[in-house]
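Data first, discussion second: the structure below is written as structure tokens.
The values are calculated or read from the model by the stated rules, or taken from the named source; none is laboratory data. Not measured: the values here are computed from a predicted model. Reconstructed Cβ throughout: ideal geometry from the backbone, glycine too, with neighbour counts over all protein chains shown. For the accessible areas, the whole protein counts, side chains as well, though only heavy atoms, and no ligand, DNA or RNA atoms are used. Shrake-Rupley method; radii C 1.70, N 1.55, O 1.52, S 1.80 Å.
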Amino acid sequence: MIFVRSGAWSAAVIGFYSVLILLMLGVRVYGTPGVVTDDLAPFIDVVLLLYLARYLTTRYRIDDRSLYAYRLFGSRRIPLAEISRIQRTNLRSLAPVGFIGTWGWRGRVWSPMVGTFDTIHTVSDGLLIGGSGVPAFISPKAPEEFQRELSRRIRSVNRQTVLNLDPA
């Protein structure tokens, strides 16, 4: 059985993108000279729409083997057998260094608390998933429920691994 949750959305973030997109369209329609050239405005519109689409398409899926965090043009798969830590946290407490990493395309940032980690998130509150490899910060809707389901599936995978060991 597959467990799927979308990213938690912030009305403020969606509103911010919407206002910027409308502002850029207004600049193009009303032709405010000197603010943005006609050649640059369509590019900015496309970039803003693309980032909004990435934000709105953020999803998290747990199956019997892996946790998948994905969004438009980017994803991360973490095998359940490799997850050793699920910690409720937020980006402010992790204190990531660099604005581009938390807002940018790839989402890899450095924190003095955990070192390098990936972010596939939509809001500041979420889960830091650790184990082998680079940790990942995700922000599913109903994070407590998501954490319980992820923990249950990890225990199930670990129990199957122990039961399948051949003592010979």
Open item on the list: Residues that are among the β-branched types (Val, Ile, Thr), exposed (fewer than 12 other Cβ atoms within 10 Å of the Cβ) and farther than 24 Å from GLY131 by Cβ: does region 7-21 have at least one?
Closed with: yes
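Would you say VAL46 is open to solvent by less than 70 Å² (accessible area, probe 1.4 Å), out of contact with any His (no Cβ under 9 Å at 6 or more places or on another chain) and not in a loop (DSSP other than H, G, I, E, B)? Talk me through it step by step, then tell me what you get.
Numbers: open to solvent by less than 70 Å² (accessible area, probe 1.4 Å): no; out of contact with any His (no Cβ under 9 Å at 6 or more places or on another chain): yes; not in a loop (DSSP other than H, G, I, E, B): yes.
No: the conditions fail for VAL46.
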Open item on the list: Considering only residues that are open to solvent by 50 Å² or more (accessible area, probe 1.4 Å), in a helix (DSSP H, G or I) and touching a helix residue (DSSP H, G or I) at 6+ places or on another chain (Cβ under 8 Å), which ones fall in region 60-84?
Closed with: ALA81
- [ ] Give the residue, chosen from ILE2, ILE21, that is of a type in the set (Val, Ile, Thr), modelled with pLDDT of 85 or more and in contact with a helix residue (DSSP H, G or I) (Cβ under 7 Å, 6 or more places away or on another chain).
- [x] ILE21
Task: Residues (modelled with pLDDT of 85 or more and out of contact with any strand residue (DSSP E or B) (no Cβ under 8 Å at 6 or more places or on another chain)) located in region 74-92 - done: ALA81
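Listed residues THR57, THR37; which is open to solvent by 20 Å² or more (accessible area, probe 1.4 Å), at pLDDT below 90 and hydroxyl-bearing (Ser, Thr, Tyr)? So that I can check it myself, show each step before the final result.
On the way: THR57 fails: at pLDDT below 90.
Being open to solvent by 20 Å² or more (accessible area, probe 1.4 Å), at pLDDT below 90 and hydroxyl-bearing (Ser, Thr, Tyr) holds for just one of THR57, THR37, which is THR37.
Taking the condition of being closer than 14 Å to ARG85 by Cα and either touching a Lys or Arg at 6+ places or on another chain (Cβ under 9 Å) or open to solvent by 50 Å² or more (accessible area, probe 1.4 Å) (or both), how many residues in region 115-145 meet it? Talk me through it step by step, then tell me what you get.
Here is the first cut: in region 115-145, the ones closer than 14 Å to ARG85 by Cα are 117, 126-138.
Of the ones still in play, those that are also either touching a Lys or Arg at 6+ places or on another chain (Cβ under 9 Å) or open to solvent by 50 Å² or more (accessible area, probe 1.4 Å) (or both) are 117, 126-136, 138.
Here the count works out to 13.
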